[in-house]
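The values are calculated or read from the model by the stated rules, or taken from the named source; none is laboratory data. In this text the structure is predicted, and so the values were computed from the model without any measurement. Backbone-built Cβ (ideal geometry, glycine too); neighbour counts: all protein chains shown. Only protein heavy atoms, including side chains, enter the accessible area calculation; ligands, DNA and RNA are left aside. Shrake-Rupley method; radii C 1.70, N 1.55, O 1.52, S 1.80 Å.
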Amino acid sequence: MADMTTVRRAVLTLPAAPLGPDNPLPALRTLDGAAAVDARATEGLPRDMVRQLGYAPLRTLLPVPVRDGYGRERVPTELDVIVIENDRLRATVLPGLGGRVHSLHHKPTGRELVHRNPVFQPAAFALNGAWFAGGIEWNIGATGHTTLSCSPLHAAVVPAPDGGEMLRLWEWERLRDLPFQVDLWLPEDSDFLHVGVRIRNPHERAVPVYWWSNTAVPEDRRILAPADAAWYHGYERGLRRVPVPVAEDGQDHTYPERGALPADYFYDLPDTRRRWIAAVDETGAGLVQTSTDVLRGRKLFLWGSSRGGRRWQQWLTAPGAPGYAEIQAGLARTQLEHLKLEGGAEFSWLEAYGPVTAAPGAVHGEDWAAARAEVERSLESALPRAAVDATYEAWRAGPADAEPGTVLATGSGWGALEVLAQGHELPGTPFPASTLGAEQKPWLELLRTGVLPPLADGAAPGPSLVAGHWRDMLETAPAEPLTEYHLGLAQWHAGDLAQAVRSWERGLGQQGVRWPLLYCLAVADQDGGHRVRAAERYAEAFDALPAEADAVVTAALGRQALDALLTAGGVARARALRDRLPEPVLARGAFRLLEARLLLAEGRRAEARAVFDAGFEVADLKEGAEVLGEVWSALTDEPLPARYEFRMRP
């Protein structure tokens, strides 16, 4: 007799770098990212793709904070996990880290179906910073890895469509102001993890939507999908259609280890074909992911064989650990597009993840059509397309709306605040008032009294809310400096930049905390091309920090002020500001890089070179960042040392 499916709590111990505190400065801009397309590169693309490429790209991360408080020192850490298990599969989920499926273990063969990262090491790949590699992640919001990558989700047990138990994960996604849910279950005797996903728009207005399910797999696999062409996106901000499996450079990129440079391949699946993507080893065994047709896109990301790609692999995992590639599935053809979701509507679909066993001679043969057909035959035998469609209908007909039972984990209180403010009814995904916490408290008071409470002495302003209904409340609240600060952020988010500047300037004209307003005005000056004035305002904001200012605020503002002063040529002012920072702050890798830049600007080349020779690590180095190579090239004609090689372009 088969064992019943179970959903239970457990603990996983991993070497982990602590996340540390969030950045206290408001995220008025997006982080520098590489996932973009130059407008000149859109000529000749399908019309609907061009429209979706240009639809509602992010220009700010508000109201989400940047997460950059982590380092590189890992210590054994206990992580709460939820285990979903039947007699065939065991899925291990990290509810406190975006609901990531850390492991998918196939019991009959003893195989791990995904790349299971042996460490937890944050790196600056998420839209707001902290992200980690491995497993299966759920990306919602905008182009890139979700801001919830390292955040807790709500989790509870819910009845599954087959009468067993399933795990529901849900949260309020703040970039697009949307609730979503991810239901995971293992039907009895099934080799496939079933995943039901729903994104709802409870507003009257249309909203942009983005979703990609991202699975890390060992890179010594062949990647197969039902396509003869793909949209290639490298780090040169282009997008062009290339043949599959052999692209223009003569390399078969369906073998990730053969690629030279990091790149995305978005497979162009015909509308009539079943949606799937697989990663198989030399024996023809591996993982396959399939879905209902709403989840249209499929993608391969590979790191490539360049020094930069290999360095990133080392950066994201443990020394000596095998490399990985990513196979992904999304709502659009490419990750660079956003779809419109009308008011009151939803997107929902079913995914399934499980083992595939195919004839190695076929899947690794030169006949691409035969290789694909062999995987599709194996998939259809193990999990027919009709069965996936029927299971989706059964899930959506009732279990998707079922109220959660036993609570297994708790997410943020932001959803509860939005439900209180707007009266949303969201069957299946409750956001109870009991989840409201300290971050929501000032906004709850604004909602109830029309007034924001004052700041404690030396305190940073705390999180902001920028949606239209919060902006309306701020506009009618008493015009205190803190209110003007938050109102300016809401106006900035809405694209009313001039009005935002006026609000911040009004706040400066009153008695109160000055540095947050000066910081915002400095960012506005930078965006307006006024580099010197921006640098002066950054320095003025740093000078305005109270003596009792938090060390996290001091470091965050000092870092941005130093960068702005160096960029604007304010070398003497930069040196004076640097000398006021505490030694523990100056010892961090990001400040060692700033020190090298400052020494170089002062003409002290040998001392700047010595900083590199001594060694440092910028823990939150951004994807695609080339600053290390640029500073090194300004110092010497010698090749960039391997430890600093993170470049993803030729």
**Item:** Sum of side-chain charges, Cys150 neighbourhood, beta-carbon under 14 Å (Lys, Arg +1; Asp, Glu -1)
**Value:** -4
**Prompt:** Taking Cα centroids, how far is the range 83-122 from the range 209-281 in Å?
**Reply:** 24
**Ordering of 359-367, 539-547, 78-86, 293-301 by packing [mean C-beta count within 10 Å, highest first]** = 293-301, 78-86, 539-547, 359-367
**Prompt:** Does the range 485-551 come out rounded, prolate or oblate by the C-alpha gyration tensor, with a ≥ b ≥ c the root eigenvalues, rounded set by a/c under 1.5 and, if not, prolate when a/b is larger than b/c and oblate if not?
**Reply:** oblate
**Local electrostatic count, Leu97, Cβ distance below 10 Å [Lys/Arg +1, Asp/Glu -1]** = -1
**Request:** Return a whole-number percent for the relative contact order of the range 364-451, with Cα pairs under 8 Å and 6 or more residues apart as the contact set.
**Result:** 23
**Complete:** The answer for the chain, accessible area per residue at 1.4 Å probe in Å², is 38
**Asked** For Tyr644, what is the net charge nearby, where nearby means another residue's Cβ is under 12 Å from its Cβ and Lys, Arg count +1, Asp, Glu -1?
**Response** -1
**Fill in**
Given 4 °C, 1.567 mPa s and a Kirkwood radius over Cα pairs, the Stokes-Einstein diffusion coefficient of the range 232-361 in µm²/s is 79
**Request:** Under 1.5 on a/c is rounded, so check that first for the range 288-378, then, if it is not, pick prolate when a/b is larger than b/c and oblate when it is not; a ≥ b ≥ c are the square roots of the alpha carbon gyration tensor eigenvalues.
**Result:** oblate
**Request:** Assign one of three labels to the range 420-573, namely rounded, prolate or oblate, based on the Cα gyration tensor with a ≥ b ≥ c the square roots of its eigenvalues; rounded applies when a/c is under 1.5, prolate when it is not and a/b is larger than b/c, and oblate otherwise.
**Result:** prolate
**Request:** Based on the mean of other Cβ atoms within 10 Å per residue, sort peptides 569-579, 128-138 so the most packed one is first.
**Result:** 128-138, 569-579
**Asked** Using a simple charge model, +1 on the beta-carbon of Lys and Arg, -1 on the beta-carbon of Asp and Glu, nothing else, what dipole does the range 547-650 show about its Cα centre, in debye to the nearest 20?
**Response** 200
**Item:** Relative contact order, percent, the range 539-648 [alpha-carbon distance under 8 Å, six or more residues apart]
**Value:** 19
**Complete:** Expected unfolding gain across Arg241-Arg205 under the 0.36 nm per residue rule, minus the alpha-carbon gap, is 9.6 nm
**Complete:** Only helices counted: for the chain, with every DSSP H run of 4 or more residues adding -39500 (n - 2.57) and the sum spread over all residues, [θ] at 222 nm is -8500 deg cm²/dmol
**Complete:** Using alpha carbon centers only, the range 492-554 is separated from the range 332-360 by a whole-angstrom value of 41
**Asked** For the pair Ala369 and Lys340, what calculated FRET efficiency results from E = 1/(1 + (r/R0)^6), where r is the Cβ-Cβ distance and R0 = 35 Å, to the nearest 0.05?
**Response** 0.50
**Complete:** Quick calc: nm separation of the 7 Å Cα→Cβ label points for Asp48 and Leu447 -> 3.8
**Complete:** For the range 527-640, the accessible surface attributable to carbon and sulfur atoms (probe 1.4 angstrom, ligands and nucleic acids excluded) amounts in percent to 49
**Asked** How big is the gap, in Å, between the Cα center of the range 39-78 and the Cα center of the range 376-441?
**Response** 24
**Prompt:** Could you give the nm distance between label points at Asp228 and Val407, where each point is 7 Å from its Cα heading toward the beta carbon?
**Reply:** 5.5
**Order by protection proxy (mean Cβ within 10 Å, highest first), peptides 258-265, 50-57, 580-587** = 258-265, 50-57, 580-587
**Per-residue SASA entry for Arg275, accessible area with 1.4 Å probe, Å² rounded to 10** = 10
**Prompt:** Residue-wise, which Karplus ³J(HN,Hα) couplings in Hz belong to the range 563-570, taking 6.51 cos²θ - 1.76 cosθ + 1.60, θ = phi - 60°, and x for glycine or proline?
**Reply:** 4, 5, 5, 5, 5, 8, x, x
**Request:** Please report the relative contact order for the chain, taking Cα pairs under 8 Å with a sequence separation of at least 6, and give it as a percent rounded to a whole number.
**Result:** 13
**Request:** For Ala325, list long-range residues whose amide hydrogen, built 1.01 Å from N in the peptide plane, is under 5 Å from its own amide hydrogen.
**Result:** Val217, Glu219
**Request:** Answer with one residue from His105, His203, Leu28: the one whose Cα lies farthest towards the positive end of the charge dipole of the chain, charges on Cβ with Lys, Arg +1 and Asp, Glu -1.
**Result:** Leu28
